[in-house]
Amino acid sequence: MNFAVLVSGNGSNLQAIIEAAKKGKIKGDLKLVLSDRADAFALTRAEKAGVRSVVVDLKDHASREAFDEAVVKVLKKENIQLVVLAGFMRILSPAFIKAFKNSIINIHPSLLPAFKGGHAIKDALEYGALITGVTVHFVDEEIDHGAIIAQAPIEIDPRDTMDSLSKRIHEAEHALYPKVIDLFLKGRLKISGRKVRIS
Ligand code: GRF
C-alpha cells in the first residue's frame, strides 16, 4: 500500500513516520510528501530522508476547489491509498474527502471532541483542563470531527507551560501516529459510522 503525508510546517510527525518506516514498523510505502508551502521545514526533512516531495501552493490556483483538485490529481497519479495529514493547515473540500473516502486520517493535539481547532494545546491549558491528549481520527466534512481511531491521554500539571505541555503532546503524537498508519495499511481498521474497530 502507498501512502502520502501532507504537511504545512515543522514536520516532526513526518519525521516520526519516516523513522518508524525505516525501522520496518510501518507496512507500506511512503511515496510522497506534499506541502502547500514551499518554506515548510518538513520538506527539508523529506529531502534528507530521500522521500520525494511536491509543493502545491494555493496561490498558483484560481480557487480553493482548483487547489484541492490539483492535490487530488497528484495523489491519484501516485496511486496513494492512504492520505496522512500531519500539520496540514488546509481544510479539505468535500470533493477531496469523497475522492479518498475513509482513507484520510489526521492527528489532533487534544482528546476530541474537546478543544477542536487550531490552538488545542493552548486552549486546554487556559481552560484549566486536568487531562488532555492526542487523537487520531478519520477526516470527514466537519473539522476535527471524523470517527476516532485512537487516543492517548496526557495529564496537565498546574506548573505546565505551553512548551512543557507541547513537548509531551508531541511525544505522544510521535508514538501513536505511526502505529495507526501501520494498522490502516495492514487493513486492520474497520469503520462503521462513528465506530472504528481494530481487528
Ligand atoms: C501537531 O501537533 C498535530 O497534532 C497538529 O499539527 C501539529 C503538527 O506538528 N495537527 P508537526 O508539523 O508534525 O511538527
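Using a cutoff of 8 angstrom between alpha carbon atoms and counting only pairs six or more residues apart, the relative contact order for the range 1-108 works out to 33 percent. The trypsin sites (Lys or Arg not before Pro) of the range 6-45 that DSSP puts in a loop, and whose beta carbon has at most 15 other beta carbons within 10 Å, are Lys23, Lys25, Lys27.
Please give the contour-minus-distance gain from Val74 to Asn2: 0.36 nm per residue of separation, less the Cα-Cα distance, rounded to one decimal in nm. So the extension gain works out to 24.6 nm.
Residue separation of Met89 and Glu142 scaled by 0.36 nm, minus their Cα-Cα distance, works out to 17.6 nm of gained length. According to the square roots a ≥ b ≥ c of the eigenvalues of the Cα gyration tensor, what is the shape class of the range 91-199, taking rounded for a/c under 1.5, prolate for a/b larger than b/c otherwise, and oblate for the remainder? It is prolate, given that a/c is not under 1.5 and a/b is the larger ratio.
Only four residue types carry charge here, +1 at the Cβ of Lys and Arg and -1 at the Cβ of Asp and Glu. Report the dipole size of the chain about the Cα centre in Debye, rounded to the nearest 20.
Details: 29 positive and 24 negative charges, 195 e Å.
Dipole size: approximately 940 debye.
Considering only Ala124, Ala95, Ala16, the mean-square fluctuation computed in a Gaussian network model of the chain, springs between alpha carbons under 10 angstrom, is largest for Ala95. Per-residue ellipticity at 222 nm, computed for the chain from helices alone with -39500 (n - 2.57) per DSSP H run of at least four residues, works out to -11000 deg cm²/dmol. Using a probe radius of 1.4 angstrom, the carbon and sulfur fraction of the accessible surface of the chain is 54%. Summed over the residues of the range 2-198 and divided among them, the accessible surface reaches 52 Å² per residue at a probe radius of 1.4 Å.
Is any helix in the chain, taking whole DSSP H runs, at least 30 angstrom long along its axis by alpha carbon and on average at least -0.5 on the Kyte-Doolittle scale, and which ones? Walk me through the numbers on the way to the answer.
Numbers: long enough: 162-185 (33 Å, -0.02).
Length and hydropathy pass: 162-185.
Between Lys122 and Leu58, what FRET efficiency comes out of the Förster formula 1/(1 + (r/R0)^6) with R0 = 22 Å and r the beta carbon distance, rounded to 0.05?
Efficiency at R0 = 22 Å is approximately 0.30.
The range 23-44 and the range 128-199 have Cα centres lying 19 Å from one another.
The overall shape of the chain, judged from the alpha-carbon gyration tensor, is rounded, with an a/c ratio under 1.5.
The values are calculated or read from the model by the stated rules, or taken from the named source; none is laboratory data. Computed from a predicted structure; not experimentally measured. Every residue, glycine among them, receives a Cβ derived from its backbone with ideal geometry; neighbour counts consider all protein chains shown. Accessible surface areas use protein heavy atoms only, side chains included; no ligands, DNA or RNA. Shrake-Rupley method; radii C 1.70, N 1.55, O 1.52, S 1.80 Å.
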